[in-house]
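> I have a structure I would like to understand better, so I am pasting it below and will then ask my questions one at a time.
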Amino acid sequence: MDALSRALGLIKPQTYISSGISAKTPWSIHISAYRGIKLNTIVEGSCLLKIDGDDTVHELKTGDCFLLTSGRPFILASDLQTPSMDFQDLLKKKDQGVIRVNGGGDYFCIGARFDFPSEATDFLFKNLPPLINIPQTSEQSSVLRFSLEQFVEEFRSDHQGRELVLEHLLQFMLVHTFRAYMNADPQRTGWLGALGDKNLSRALGLIQNDLKKNWKVEELAENLGMSRSTFALKFKDCLGFSPIDYARNLKMLVAQQKLIHSEDSIAQIAESLGYESESSFRLAFKRVTLVPPARFRRQ
């Protein structure tokens, strides 16, 4: 199984279909901090996006599909001079899944959120840019167009099975947005950036395919035909941490899934992940998750 498929299988993102926003100019909406990542698509009109702590103002247009990855508050607006309304207050007035601002009509956007059940998944999304935008004009957008059209049609319908279809379409759109970023942006960073780099992707695959092995940086570099220093620097520049940290975090992610979904004992899980003793595994697990493995399993 490829690295992206396996990782998404491990983190098991929970999909929350947020709502549609239909707005008439002038309008401005403030969205507070959130967990996970947000996927949004603009169906009609255009807007400005400003993320808290970032001076850049992004202009988004019809057909754009974009991810917000930082969890930081942000503003969507027709212009940034208009006083912002709070998204949570607007949600209370949602009608048939759509929030209407000033009666709506000029702008329509549909949003969703992918939540990851464990804080141990944060390392996968560290060092990503706060915004990943796939404009309608990009080559990568063509593969999203059909699913986007289906998504909008399904969102506006009352068909049986609507929620399930929307969830699967969102998963499809998420993966293709990830792929577009991996393949198109030469300055890509983070876990997705590493998956889009030939050497770093191979290194992630080596770690992922043999979690019982306690990899050393020089071993990984040798497998890639790179010097230790060049490989270590490239890995940290892209992902924001070392190969050893990545391997440890990935082991903890797998350990959590085993604790939840298997009947393996803690000693068996420790052995399967290459720990010499159950006590060393317990210490490593608590360092990452802040709770011992037995308590994590009970919870």
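The values are calculated or read from the model by the stated rules, or taken from the named source; none is laboratory data. As the structure is a prediction and not an experimental result, all values here were calculated from the model. Here Cβ is always computed from backbone atoms with ideal geometry, including for glycine, and neighbour counts include all displayed protein chains. Heavy atoms of the whole protein, side chains included, go into the accessibility calculation; ligands, DNA and RNA do not. Shrake-Rupley method; radii C 1.70, N 1.55, O 1.52, S 1.80 Å.
> Looking at region 217-224, is at least one residue within 27 Å of the chain's Cα centre (by Cα), at pLDDT 90 or above, of a type in the set (A, V, I, L, M, F, W, C) and open to solvent by 70 Å² or more (accessible area, probe 1.4 Å)?
No, because not a single residue in region 217-224 is within 27 Å of the chain's Cα centre (by Cα), at pLDDT 90 or above, of a type in the set (A, V, I, L, M, F, W, C) and open to solvent by 70 Å² or more (accessible area, probe 1.4 Å).
> I'd like the residue in region 182-206 that is open to solvent by 50 Å² or more (accessible area, probe 1.4 Å) and of a type in the set (D, E, K, R) and, out of all such residues, is nearest to L4 (Cα to Cα).
R202
> Oh, and also: For A203, indicate whether it is under 23 Å from E271 (Cα atoms) and either part of a helix (DSSP H, G or I) or modelled with pLDDT of 95 or more (or both).
yes
> Taking the residues in region 234-255 that are over 17 Å from D210 (Cα atoms), part of a helix (DSSP H, G or I) and of a type outside the set (D, E) as candidates, determine which candidate is most open to solvent (accessible area, probe 1.4 Å).
For region 234-255, the residue satisfying everything is K236.
> If we keep just the residues of region 207-233 that are of a type in the set (G, A, S) and part of a helix (DSSP H, G or I), which is nearest to D2 (Cα to Cα)?
The qualifying residue nearest to D2 (Cα to Cα) is A221.
> Quick one: is I37 under 15 Å from the mean Cα position of the chain (by Cα) and closer than 27 Å to E154 by Cα?
Considered against the rule, which asks whether it is under 15 Å from the mean Cα position of the chain (by Cα) and closer than 27 Å to E154 by Cα, I37 comes out as yes.
> Just checking, does region 114-126 include any residue being under 27 Å from L253 (Cβ atoms), of a type in the set (G, A, S) and part of a loop (DSSP other than H, G, I, E, B)?
yes
> Out of region 153-181, which residues are within 18 Å of D2 (Cβ to Cβ) and either out of contact with any strand residue (DSSP E or B) (no Cβ under 7 Å at 6 or more places or on another chain) or not hydrophobic (A, V, I, L, M, F, W, C) (or both)?
Within region 153-181, Q171, F172, V175, H176, T177, F178, R179, Y181 meet the criteria.
> Conditions first: (1) assigned to a strand (DSSP E or B); (2) at pLDDT below 95; (3) not acidic (D, E). H58 passes all but one, so which condition is the exception?
So H58 meets the others, but not (2).
> Just to be sure I understand, how many residues within region 120-168 are within 30 Å of V291 (Cα to Cα), touching a residue at least 40 places away in the same chain (Cβ under 8 Å) and open to solvent by 60 Å² or more (accessible area, probe 1.4 Å)?
Residues in region 120-168 being within 30 Å of V291 (Cα to Cα), touching a residue at least 40 places away in the same chain (Cβ under 8 Å) and open to solvent by 60 Å² or more (accessible area, probe 1.4 Å): 2 in total.
> Sticking with this one: Right, S229: modelled with pLDDT of 85 or more, open to solvent by less than 90 Å² (accessible area, probe 1.4 Å) and farther than 15 Å from N127 by Cβ or not?
For S229, the condition - modelled with pLDDT of 85 or more, open to solvent by less than 90 Å² (accessible area, probe 1.4 Å) and farther than 15 Å from N127 by Cβ - is met.
> A follow-up question, please. Among the residues of region 252-266, which ones are more than 27 Å from the chain's Cα centre (by Cα) and within 13 Å of P292 (Cα to Cα)?
I266
> Can you tell me how many residues within region 9-36 are of a type in the set (A, V, I, L, M, F, W, C), open to solvent by 40 Å² or more (accessible area, probe 1.4 Å) and in a strand (DSSP E or B)?
Matching residues across region 9-36 total 1.
> Right, here's the next one. For the condition open to solvent by 10 Å² or more (accessible area, probe 1.4 Å) and not small (G, A, S), what is the one hit in L76, L48?
Only one candidate passes the filter, namely L48.
> Restricting attention to region 171-184, does a residue exist that is out of contact with any Leu (no Cβ under 8 Å at 6 or more places or on another chain) and part of a loop (DSSP other than H, G, I, E, B)?
Checked region 171-184: no residue is out of contact with any Leu (no Cβ under 8 Å at 6 or more places or on another chain) and part of a loop (DSSP other than H, G, I, E, B).
> Tell me yes or no: at least one residue of region 75-91 is at pLDDT below 95, in a loop (DSSP other than H, G, I, E, B) and under 21 Å from R113 (Cβ atoms).
So far as region 75-91 goes, no, none of its residues is at pLDDT below 95, in a loop (DSSP other than H, G, I, E, B) and under 21 Å from R113 (Cβ atoms).
> Scan (1) at pLDDT below 90; (2) surrounded by 14 or more Cβ atoms within 10 Å (Cβ to Cβ) for the single condition N209 breaks and write down its number.
Against the list (1) at pLDDT below 90; (2) surrounded by 14 or more Cβ atoms within 10 Å (Cβ to Cβ), N209 comes up short only on (2).
> Okay, moving on. Mind listing whichever residues of region 135-165 are modelled with pLDDT under 80 and among the small types (G, A, S)?
Residues satisfying the conditions are S138, S141, S142, S147.
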